[in-house]
Amino acid sequence: MSQLAWQKSSFSEPGGDTCVEVALDRIGILRLRESVTPGAVATLAPSALVALVDWAKGEATSGG
């Protein structure tokens, strides 16, 4: 997976060592990892990430 182009989250602290990174592989699967443990990579379909972000936004606004 080292050939993937990892992109740092825009919500990460500038110059910080801890961040969430995302990469899209050649067959369209998203890869997520935390920079502290780059060997632990989650894989998901792009639609699943959209659903996760939508859910997280809902939780943030509902306070739940």
Would you mind calculating the gained length between Arg31 and Phe11 on full extension (0.36 nm times residue separation, minus the Cα-Cα distance), in nm to one decimal? 5.5 nm
Answer with a single label: of [x] 5.7; [y] 4.2; [z] 5.1, which was calculated as mean projected area of the Cα convex hull in nm² from the structure in view? [z]
Cβ-based net charge around Val22, under 10 Å, with every Lys or Arg adding one and every Asp or Glu removing one: +2
Sorted by mean Cβ packing within 10 Å, highest first, what order do the peptides 31-44, 49-62 take? 31-44, 49-62
Taking Cα atoms only, helix 46-62 is inclined relative to the longest principal axis of the chain by an angle, in degrees rounded to 10, of 30 degrees
Can you tell me the dipole magnitude for the chain around its Cα centre, using point charges on the Cβ only (Lys, Arg +1; Asp, Glu -1), in Debye to the nearest 20? 200 debye
What is the antiparallel percent of DSSP beta bridges lying wholly in the chain, to the nearest 5? 100 percent
Which percent of the accessible heavy-atom area of the chain goes to carbon and sulfur, probe 1.4 angstrom? 59 percent
Taking the dipole of the chain about the Cα centre (Lys, Arg +1; Asp, Glu -1; charges at Cβ), the one of Phe11, Gly39, Ile27 that reaches farthest to the positive side is Ile27
Count the net charge of all other residues whose Cβ sits under 13 Å from the Cβ of Glu34, scoring Lys and Arg as +1 and Asp and Glu as -1. +1
Give me the net charge for the shell around Lys8: Cβ to Cβ below 12 angstrom, other residues only, Lys and Arg +1, Asp and Glu -1. -3
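The values are calculated or read from the model by the stated rules, or taken from the named source; none is laboratory data. Quick caveat: nothing in here was measured; it's all calculated off a predicted structure. Note that we place each Cβ from the backbone using ideal geometry, even for glycine, and neighbour counts take in every protein chain shown. Accessible surface areas use protein heavy atoms only, side chains included; no ligands, DNA or RNA. Shrake-Rupley method; radii C 1.70, N 1.55, O 1.52, S 1.80 Å.
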